[in-house]
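A short worksheet on the structure shown next.
The values are calculated or read from the model by the stated rules, or taken from the named source; none is laboratory data. Bear in mind that the values here come from a model prediction, so they are computed numbers and not experimental data. Cβ placement follows ideal geometry from the backbone for every residue including glycine, while neighbour counts extend to all protein chains displayed.
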Amino acid sequence: MWLIKMTVSKLVNGPILALECCTDACSVALQVDGKIYSRFQVVPRSHSKVMLEMVDQVIAEAAIDKKDLKALAVTAGPGAFTGVRLGVSFAQGIAFGLDIPVYAVNTLDVIAQGAYVENPQVKSILSVLDARMGEVYLAGYQIQNGQLQLEVQSGVFKPEALPNLDVVSQALVCGTGWNVCKQALPKDVTSETENRLPSAVDIFPLLDNTQPMSAADLLPVYLRNEVTWKKLDQQ
């Protein structure tokens, strides 16, 4: 188990750029001197058309140069095959060019982070993404002393084969997977009124529990085999 601190990252002395495009949403965020500059759009299958412009916009708004970046952060999955690959490749390209480290975070953690920021009264959270093919990506968290504690490891599940969720009783369910698995979830859970999509601004608090790596070591996280996702993306 590990804890997610509910603050901006203080690990890196200098600007950090965060990228997120694992779902229908595409977002970027830039942390500079404790301030965050961000962009967010829902652009299914069009992430590659807007991400570079978003990056340029937040860098200009913060009045820095791209070469001032000290680290990159990216959601490495799970999520849509094409989006996961794009985010990882984009982060690698910038990190290689600037010779800076990369932080890889889990999409489900980012969704849970955003849900807790907006619902600080909750005691536990289930982060659930529609994985298509009648399956969901799922992870569970408890809230302890104002922090998210991972209790149910992320995985891909069919509704009839969900893991034991007793440890996250009375959870707030967030993400796009509610309609896929709601009949199989415990009766004491509640759902957010809208399907939450991950946002890059919620990546920063996760970095204090994430080890940096070189761009060459950054890998996508699919939670299901690559061949299946390629077939799905072609549909």
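General remarks:
- Search result, residues across region 74-88 that are surrounded by fewer than 22 Cβ atoms within 10 Å (Cβ to Cβ) and under 22 Å from GLN31 (Cβ atoms): LEU86
- Counted residues, region 54-81 - those being in a helix (DSSP H, G or I), out of contact with any Lys or Arg (no Cβ under 9 Å at 6 or more places or on another chain) and under 23 Å from GLY175 (Cβ atoms): 0
- A single member of LEU129, LEU172, LEU98 is buried (at least 19 other Cβ atoms within 10 Å of the Cβ), modelled with pLDDT of 95 or more and more than 19 Å from THR23 (Cα to Cα), and it is LEU172.
- Positions within region 184-199 being modelled with pLDDT under 90 and in a helix (DSSP H, G or I), in sequence order: none
- Residues of region 66-95 that are polar (S, T, N, Q) and at pLDDT 95 or above: THR75, SER89, GLN92.
- Boolean, VAL84 is under 21 Å from ILE16 (Cβ atoms), outside any helix (DSSP H, G or I) and not assigned by TED's automatic domain parsing to the domain that holds VAL167: no
- Selected residue [closer than 26 Å to VAL74 by Cα and surrounded by fewer than 19 Cβ atoms within 10 Å (Cβ to Cβ)] from ASP166, ASP188, ASP202, ASP208: ASP208
- When we screen ASP202, ASP217 for residues that are modelled with pLDDT of 95 or more, closer than 24 Å to GLN41 by Cβ and assigned by TED's automatic domain parsing to the domain that holds LEU30, the only hit is ASP202.
- Some residue of region 93-103 being among the aliphatic types (A, V, I, L, M) and under 18 Å from the mean Cα position of the chain (by Cα): yes
- Within region 220-235, considering residues that are within 21 Å of VAL74 (Cα to Cα) and assigned to a loop (DSSP other than H, G, I, E, B), the one modelled with the lowest pLDDT: ASN225
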